[in-house]
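Scroll down for the structure; my scribbles are underneath it.
Just so you know, all these numbers are worked out from the coordinates, no wet-lab data involved. Model, not experiment: these values are computed from the prediction. Counting neighbours? That spans all protein chains shown, and the Cβs are built from the backbone with ideal geometry, glycine included.
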Amino acid sequence: MSCGAPMQDEEAAVLGARQEGLAQVFTQQADFAVATGATQLPFPANAFDAYPDHPSGAASSCVQTQRGVDLPWGFSAPTVNVLAPRAKTWLCFVGPGWNHNNTNPLPVTPTLLANGEDDFEIAFLRPVSAVGLELLTNSLAQHKVTLTFTDATQEVFEDAVLDTGANAFEFVGFQSSKRIRSIFIDSTGGASQNEGIAAIWTAP
């Protein structure tokens, strides 16, 4: 029986988190929010109105992949840039009403998808201590996540640690003792059935 402040292992058990190297991995958004104080980055209110280009028609709008998406949405001084470096041409916000039969589940709010392989790189113009993601997963739900820190070192998280389910909205979060400069999400099969990012949380 212990008293006083919980030990690190006890905290992990309470929060449903797992310590992996320098970073702690979370699979529940509520636990992540309590532990990190992270706040959600604004996305556009309407996917179709976000950009003037609509190569995929209704319920979406897109930007060239090399430009990427700046966040928080609507801010004059962005702090985050999202890229899809392995996509063909477009990085898109897709919302309810998407009808191309290549996404399951369908987005319920504006969600980032790419034309082609859905691998995403998120760069933090102001490095962060924690980042959380709501992923829209495909039927494979296989991911590898790489954190790059401000000292140029990296930490890689394999699919077994992330524990994402198929065809669902799944949360994964990371809190690190080193400042995080970027995160790369490597998915599988996104060129056949989409993977996406429905929300991003950060803590300074």
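Things to note:
- Order of LEU71, LEU113, LEU136, LEU22 under a 10 Å beta carbon neighbour criterion, fewest first: LEU22, LEU71, LEU136, LEU113
- Radius of gyration over Kirkwood radius for the stretch 8-203, both on Cα atoms: the Rg/Rh ratio is 0.95.
- Amide proton proximity set for ALA141, modelled H, under 5 Å, gap of 5+: ASN167
- In order along the stretch 101-113, phi translates into HN-Hα couplings of 6, 10, 9, 8, x, 6, x, 10, 9, x, 10, 7, 10 Hz, rounded to whole numbers, per the Karplus curve 6.51 cos²θ - 1.76 cosθ + 1.60 with θ = phi - 60° and x for Gly and Pro.
- Using θ = phi - 60° and Karplus 6.51 cos²θ - 1.76 cosθ + 1.60, couplings along the stretch 60-75 (whole Hz; Gly, Pro as x): 7, 8, 9, 10, 4, 4, 5, 7, x, 10, 8, 9, x, 5, x, 8
- Hz values of 3J(HN,Hα) by residue in the stretch 136-147 - Karplus curve (6.51, -1.76, 1.60), Gly and Pro given as x: 8, 9, 9, 5, 8, 6, 10, 9, 10, 10, 10, 8
- Dipole magnitude for the stretch 8-203: computed about the Cα centre from +1 point charges on Lys and Arg Cβ and -1 point charges on Asp and Glu Cβ, it is near 560 debye.
- Likely footprinting exposure, PHE32, PHE75, fewest C-beta neighbours within 10 Å first: PHE75, PHE32
- Relative packing of peptides 140-148, 192-200 - highest average C-beta neighbours within 10 Å first: 192-200, 140-148
- Put in order of Cβ neighbour count within 10 Å, fewest first, the listed residues TRP98, TRP73 become TRP73, TRP98.
- For the stretch 149-191 versus the stretch 21-90, the gap between their alpha-carbon centres in whole angstrom: 15
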